[in-house]
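Asks: One structure, as structure tokens, below. Some questions next.
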Ligand SMILES: *Cc1c(COP(=O)(O)O)cnc(C)c1O
């Protein structure tokens, strides 16, 4: 079986989606499953939908198009503001997009008219994290303009926190979003179908929002469904599985080597200088054939008994506190969101989808 490869447990993804859909559903919140860390995998999208997600979110139009080509018929939201150069593709492949620039929405409108389609718009509001979003004081005027545009339906409003600055979704900023929804509806005599509170970072707030969730009725969830963690503290919400993804790499060198380097020292391949390390005994040095082109070495969890020393473009270096693994044997690693994203987008990493009745190969540690 080819290496390096990602092993993807679709049953775990289905389970996590079902768990979150159930708990959020009882609070009146629908789940949009975000596939962007998986290069728009239609297998992952299908697992999210089977688990009860009502729609799919993607950040890249190429991935949206790939999902459509694979036959995904569910509603798809482009979660990054469309590039003006891509509005035709956005209108043609995505049902709605998250937007913060009226110029882009005007272009979506023109393209929707030309294609005789309707495109949904969710207006993003800046609530403190300082990534995308319209300033709250400008929202009503933008909404008024959008409501009048041909080919466009104002589907709702939303916000995105904890992405750029780590601003925590809480009762105050969520109440602000709810109040904005209510005031737009009153001022423009429209109904906002979607009030999208944010991403996986909202789970802490929503799961113990004792005083209710206000108007929030939609969350866009990627990491919590895929990796079973909320991103504020990377804790595991009750009942979620964290092992849907594993990276399997192959040992290409396994030797007893000294601890100390030999020769004078300057910068290494990526500009780093070797940090002084606590002296230790000579030991087993292992090289796995995977590198920064494929993974984020800081985002890998090695098998028990192994420690990651570093990575260059193509070599991952580890020590082992037990016997040397045989050259050609395979090691399994856990991944963070960052490592998953890199592995999924590397053309060198194969994918193997597994379901509940299948197990991973026996020749791995
Ligand atoms: C990536 C992204 C999400 C999903 O974030 P997770 O933390 O993976 O749940 C939601 N909304 C937007 C706008 C995004 O860019």
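Bear in mind these aren't lab numbers, they're just calculated from the coordinates by the rules spelled out. Because the structure is a prediction, the values reported are computed rather than measured. All Cβ positions, glycine included, derive from the backbone under ideal geometry; neighbour counts span all protein chains shown.
Asks: Starting with the highest mean, order 263-271, 17-25, 184-192 by the number of other Cβ atoms within 10 Å, averaged over the residues of each peptide. Show your work: numbers first, answer last.
Replies: Details: 263-271: 8.1, 17-25: 20.0, 184-192: 14.3.
With the highest mean Cβ count within 10 Å placed first, the list reads 17-25, 184-192, 263-271.
Asks: Still on this model: Can you give the convex hull volume per residue for the Cα atoms of region 245-354, as a whole number of Å³?
Replies: Details: hull volume 12.8 nm³, N = 110.
With only Cα atoms used, region 245-354 gives 116 Å³ per residue.
Asks: Right, something else. Please report Rg (one decimal) and Dmax (integer) in Å for the Cα set of region 55-113.
Replies: Using the Cα atoms of region 55-113, the pair Rg, Dmax is 10.6, 32 Å.
Asks: Related question: Would any residue of region 11-42 have its amide N under 11 Å from a label point 7 Å out along Cα→Cβ of residue 353? List them or say none.
Replies: It comes to 11, 41-42, nothing else.
Asks: Helix 10-25 against the longest principal axis of the chain: what's the angle in degrees, Cα atoms only, rounded to the nearest 10?
Replies: Tilt relative to the chain: about 40 degrees.
Asks: Something else about it: Give me the orientation-averaged projected area of the Cα convex hull of region 19-60, in nm², one decimal.
Replies: Average of the hull's projected areas for region 19-60 equals 2.8 nm².
Asks: Counting pairs of Cα atoms in region 128-223, how many percent are more than 21 Å apart?
Replies: 31 percent
Asks: For the chain, calculate the relative contact order in percent as a whole number, restricting contacts to Cα pairs under 8 Å that are 6 or more residues apart.
Replies: Rounded, it is 18 percent for the chain.
Asks: Along the Cα→Cβ direction, 7 angstrom out, place labels at residue 185 and residue 282. What is the inter-label distance in nm?
Replies: It is 7.4 nm.
Asks: Just the C-alpha atoms of region 208-275: what Rg/Rh do they give, with Rh taken as the Kirkwood radius?
Replies: Values: Rg = 22.4 Å, Rh = 17.8 Å.
When Rh is taken as the Kirkwood radius, the ratio is 1.26.
Asks: What 222 nm value per residue comes from the helices of the chain, counting each DSSP H run with n ≥ 4 as -39,500 (n - 2.57) and dividing by all residues, nearest 500 deg cm²/dmol?
Replies: Rounded to the nearest 500, it is -8500 deg cm²/dmol.
Asks: Which ordering of 119, 315, 164 is given by a fewest-first count of other beta-carbon atoms within 10 Å?
Replies: Going from sparsest to densest Cβ surroundings: 164, 315, 119.
Asks: Taking the Cβ of each residue in 32, 163 as the centre, tally the other Cβ atoms inside 10 Å and list the residues starting with the fewest.
Replies: In increasing order of surrounding Cβ atoms, one gets 163, 32.
Asks: Another one. Based on the Cβ-Cβ distance of residue 70 and residue 262, what FRET efficiency does E = 1/(1 + (r/R0)^6) give at R0 = 51 Å, to the nearest 0.05?
Replies: E(calc), rounded to 0.05, equals 0.45.
Asks: Further question on the same structure: Using r as the Cβ-Cβ distance of residue 2 and residue 168, and R0 as 45 Å, what FRET efficiency do you calculate, to the nearest 0.05?
Replies: Values: r = 42 Å, r/R0 = 0.93.
Plugging the Cβ-Cβ distance into 1/(1 + (r/R0)^6) gives 0.60.
Asks: Specify, per residue and in Å³, the volume enclosed by the convex hull of the alpha carbon atoms belonging to the chain.
Replies: Working: hull volume 57.9 nm³, N = 365.
Roughly 159 Å³ of hull volume per residue.
Asks: Let me ask something else about it. How big is D, in µm² s⁻¹, for region 9-226 by Stokes-Einstein at 4 °C and 1.567 mPa s if Rh is the Kirkwood radius over C-alpha pairs?
Replies: Values: Rh = 17.2 Å.
For these conditions, the coefficient is 75 µm²/s.
Asks: Right, something else. In Å and on Cα atoms, what radius of gyration and Dmax does region 1-114 show?
Replies: When restricted to Cα atoms, region 1-114 yields Rg and Dmax of 15.5, 50 Å.
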